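The values are calculated or read from the model by the stated rules, or taken from the named source; none is laboratory data. Just so we're clear, the structure is a prediction, and the values are computed from it rather than from any experiment. Using ideal geometry, Cβ is built from the backbone for each residue, glycine included, and neighbour counts are taken over all protein chains shown.
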Amino acid sequence: MVYAVIRVRGQPDVNYNIEFTMKLLGLTRVNHCVFVPENDSTDGMLQVAKDYITWGEVEEETLAKALRARAKVVGDYDLTDEYLKENSSFGNVEELAKAMIENDCRLKDVEGVKPVLRLHPPVKGYEGNKRSYASGGALGYRGRDINALIDRML
């Protein structure tokens, strides 16, 4: 399983430990999205930055759709099936998404692909960026509901 992690809040005076953790995740700006494997170390990192990010388990179809719409390669070109055929062992974006879901590959393993997706702000906005998702806000763990948020941001 793989998590989709999206930075929701951006502040100039973020605690050093939280800012460092978000930098390690690759989340330097608001509405940036990364895909990280589900394991103990990433779970700990997500808990450190929980007041600035939201995350959940992404489905294969949503992952493939996000990669097709927003993934970029060096030179700011779109990620295409032709690029994947030439520079990796994957035939198309759907195969890459399946390998990522099964934790066989990460975006940074494919040469020239940028590991961060720059998403649009969500349609109808965030639910509130100062409360947790469980209490009606946009922050923290949201489970499979992350797929609906990503669809609103594409």
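Summary table
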item	result
Exclusive hit being closer than 24 Å to Asp151 by Cβ and not assigned by TED's automatic domain parsing to the domain that holds Tyr133, set Arg9, Arg29, Arg68	Arg68
One residue from Gly143, Gly125, Gly137 being within 25 Å of Gln47 (Cα to Cα) and either surrounded by 13 or more Cβ atoms within 10 Å (Cβ to Cβ) or charged (D, E, K, R) (or both)	Gly137
Filter pass, Val30 being surrounded by fewer than 19 Cβ atoms within 10 Å (Cβ to Cβ), modelled with pLDDT of 90 or more and under 12 Å from the mean Cα position of the chain (by Cα)	yes
Tally of residues being of a type in the set (A, V, I, L, M, F, W, C) and in a helix (DSSP H, G or I) across the range 6-50	8
Subset of the range 9-23 (residues that are surrounded by fewer than 13 Cβ atoms within 10 Å (Cβ to Cβ) and in contact (Cβ under 8 Å) with a residue 12 or more places away in the chain)	Gln11, Asn17
Unique match (being farther than 14 Å from Ile53 by Cα and out of contact with any Lys or Arg (no Cβ under 7 Å at 6 or more places or on another chain)) among Arg131, Arg144, Arg118	Arg144
Residues within the range 125-154 that are closer than 24 Å to Leu67 by Cβ and either of a type in the set (S, T, N, Q) or without any contact (Cβ under 8 Å) to a residue 40 or more places away in the chain (or both), tallied	3
Members of the range 107-122 found to be surrounded by 17 or more Cβ atoms within 10 Å (Cβ to Cβ), over 11 Å from Arg70 (Cα atoms) and out of contact with any helix residue (DSSP H, G or I) (no Cβ under 6 Å at 6 or more places or on another chain), listed by number	Leu107, Val110
Candidates Leu79, Leu139, Leu84, Leu96 - the one that is hydrophobic (A, V, I, L, M, F, W, C), in contact with an Asp or Glu (Cβ under 9 Å, 6 or more places away or on another chain) and not assigned by TED's automatic domain parsing to the domain that holds Thr21	Leu84
Among residues of the range 51-93, those that are part of a loop (DSSP other than H, G, I, E, B), crowded, with 18+ Cβ neighbours inside 10 Å and of a type in the set (Gly, Ala, Ser), counted	1
Breaking point among (1) within 14 Å of Ala4 (Cβ to Cβ); (2) of a type in the set (A, V, I, L, M, F, W, C); (3) in a loop (DSSP other than H, G, I, E, B), for Met100	(3)
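Let's see how each residue does on (1) in contact with a Gly (Cβ under 7 Å, 6 or more places away or on another chain); (2) closer than 18 Å to Pro122 by Cβ:
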position: Val30; (1), (2): yes, yes
position: Val34; (1), (2): yes, yes
position: Gly44; (1), (2): no, no
position: Thr62; (1), (2): no, yes
position: Glu82; (1), (2): no, no
